[in-house]
Amino acid sequence: MEKYYIVKSIDGDYANLVDENDLGGETKLVARALLPESIAEGTRLHYAFLQYEIAD
């Protein structure tokens, strides 16, 4: 299953992600250890095969 998320906010060791197809929807709380180190608010992420990568 492939999805794209936008980093809405970063709070310590966690990041709040929102589905790019539903920007007003619920946020998904994800541990930063599971995300690329160089993320910032507004970063677009690709999620597939249980891994997050920065999308182009």
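Of note:
- Here the residues T43, T27, ranked from fewest to most Cβ neighbours within 10 Å of their Cβ, fall in the order T27, T43.
- Net charge of the neighbourhood of P36, taken over other residues with C-beta under 15 Å away and scored Lys/Arg +1, Asp/Glu -1, is -3.
- L29/L50 FRET efficiency (R0 25 Å; Cβ-Cβ; nearest 0.05): 0.95
- For the chain, radius of gyration divided by Kirkwood radius, i.e. Rg to Rh on alpha-carbons: 0.91
- Separation of alpha-carbon centers, region 3-28 and region 31-56, rounded to whole Å: 10
Each reported figure results from applying straightforward, stated rules to the coordinates on display, with no laboratory input. Every value quoted in this text rests on a predicted model; they were computed, and no experiment measured them. All Cβ positions, glycine included, derive from the backbone under ideal geometry; neighbour counts span all protein chains shown.
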